[in-house]
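Okay, structure first, notes after.
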Amino acid sequence: MTASCTWCQHLRVMLKDVGRGFFIITHSSLAMLGVGVSVLALTLLIRPGLWDTLQEQGMQWLRNKEVLVSWLPQNTAERAVAVELKDLPKEQAAVAQWLANKYRVAPEPLAALVAEAQVLGKSSKLSPNLILAVAAIESNFHPYVQSHVGAQGLMQVMTNIHEEKYRQYGGRMAAFDPVINMRVGVGVLKEMIRIKGGSLEEGLKFYLGGYDLAEDGGYVAKVTAEKERLDQVAAGQVVPLQ
């Protein structure tokens, strides 16, 4: 009986020592973590640009490790900037050739944009031909166009307003990459449609001029008409360029 009590006493002492040691270790670790967080917060407060740099470096590391492949848009631009028409499905090749003829641009890079529009159409739940129609009306498929108010690129995205959307693609200069501009433009358009309660027409107006737009100057009608022409081309119909 006495031996048993002595064993129990030793066990209690051992458990007490283990508990004290665990508390000291965890308390010190939490304290160090708190100090680290405080130092990081103070550093970011003093150097606000550091956060942007860390974000870009982190995104680049994730892209290099292919961690983002499952949820970032498919990066067609990294595979090819141009595609042979014969490599597209018949209806997509017809759309690419028709657009190339109408806007006097090379069909191969346009074919890459047509293929990208298909990918973006699935992810955004927007018609691929609507996406192409917006690009057509906005820039005539010239990726280096800039408006007097600062809208840039294929989809005429306001880079200064939506600069953060380009960070995952390397920064604001990606606005002049037609594929990246299309991706960002589609994201902006989808957001505008959501803000306007799901209305495509109101979303297009918002995309054109924001909250202050009173009259769209026929913009929605132009986009809609171009989209309908592309639908007809895809269906195998002969559609005049004008």
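Values quoted throughout were computed directly from the atomic coordinates according to the rules given, and no laboratory measurement underlies them. What you are looking at is a predicted structure, and each value in this text was computed from that prediction instead of being measured. For neighbour counting, all protein chains shown are included, and Cβ atoms are generated from backbone atoms with ideal geometry for every residue, glycine included.
Among the listed pairs K165/K222; K165/K205; K125/K165, those whose Cα-Cα separation exceeds 24 Å are K165/K222. Taking Cα centre as origin and charging only the Cβ of basic (Lys, Arg, +1) and acidic (Asp, Glu, -1) residues, the dipole magnitude of region 76-234 rounds to 220 debye. In terms of other Cβ atoms within 10 Å, M173, M192, M158 run from fewest to most in the order M173, M158, M192. Run the reach check for K86 against lysines, Cα to Cα strictly under 24 Å, same-chain hits fewer than 8 apart removed. What comes back? Cross-link targets: K102, K122, K227.
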